[in-house]
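All remarks here apply to the structure that follows.
The values are calculated or read from the model by the stated rules, or taken from the named source; none is laboratory data. As the structure is a prediction and not an experimental result, all values here were calculated from the model. We place every Cβ from the backbone using ideal geometry, glycine too, and count neighbours over all the protein chains shown. In case anyone asks, the SASA skips ligands and DNA or RNA and just uses the protein heavy atoms, side chains included. Shrake-Rupley method; radii C 1.70, N 1.55, O 1.52, S 1.80 Å.
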Amino acid sequence: MSALPRIPALVSRAGTASALTAATLAASVLVPGLATGAQAATPGEKALKVAASKKGSPYQYGATGPNRFDCSGLTLYSFKKVGKNLPRTAQSQYNSTRHLSSGSRQVGDLVFFHSGSNVYHVGIYAGSNKIWHSPKPGGSVRLEKIWTNSVWYGRVK
């Protein structure tokens, strides 16, 4: 069952709620792991929201938005919108980030899929072992579970 129909009930049980409180509650349901309340959003969390706003945008090889994306085009576009510059390709993006262990990953970090030392795909970590990404030809930007253990993590500097 979706959590969205329960939001009005949760708000009414909480008493008088401001529009900001309701919006924060809704955002935490739509984007798992996103900071709520008085916590300041990191650039990665802001970029994650940008990527999520592109849900359904079609994959196109070499595209960097605003309406079509390949995987690294989506990450480049999302971080650029929040004032952070990334190189164009997934491998170059990996090379430009601060590398992290899986235990140190946070919402908004980049997830790099690799075969040996070759990075072939990138997405933005959304929490709960999920990423926002532009998957492949015929696909579109979506939230998806990380499907392999062959991943590395990086934080945009």
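Some notes on this structure:
- Count - residues of segment 125-153 that are outside any strand (DSSP E or B), open to solvent by 60 Å² or more (accessible area, probe 1.4 Å) and either farther than 12 Å from Phe69 by Cα or free of Cβ contacts under 8 Å to residues at least 60 places away in the same chain (or both): 3
- Test result for Tyr120, in contact with a Gly (Cβ under 8 Å, 6 or more places away or on another chain) and touching a residue at least 24 places away in the same chain (Cβ under 8 Å): no
- For segment 31-69, a residue qualifies if it is at pLDDT 95 or above, over 13 Å from the mean Cα position of the chain (by Cα) and within 22 Å of Gly83 (Cβ to Cβ), and the qualifying residues are Ser57, Ala63, Thr64, Gly65, Pro66, Asn67, Phe69.
- Evaluation of Val122 against (1) assigned to a loop (DSSP other than H, G, I, E, B); (2) buried (at least 21 other Cβ atoms within 10 Å of the Cβ) (one fails), failing number: (1)
- Which numbered condition Gly15 fails, given (1) at pLDDT below 50; (2) closer than 21 Å to Val141 by Cβ: (2)
- Residue list for segment 83-95, restricted to those being farther than 22 Å from Tyr59 by Cβ and either open to solvent by less than 40 Å² (accessible area, probe 1.4 Å) or not in a helix (DSSP H, G or I) (or both): Gly83, Lys84, Asn85
- Scanning segment 51-110 for residues that are closer than 19 Å to Thr148 by Cβ and free of Cβ contacts under 8 Å to residues at least 12 places away in the same chain yields a single hit, Gly103.
- Hits in segment 40-80 - residues which are within 17 Å of Leu110 (Cβ to Cβ), crowded, with 17+ Cβ neighbours inside 10 Å and of a type in the set (Lys, Arg): Lys46, Lys49, Lys54
- Counting residues in segment 77-98 that are touching a Cys at 6+ places or on another chain (Cβ under 9 Å), under 15 Å from Tyr153 (Cα atoms) and modelled with pLDDT of 95 or more gives one or more.
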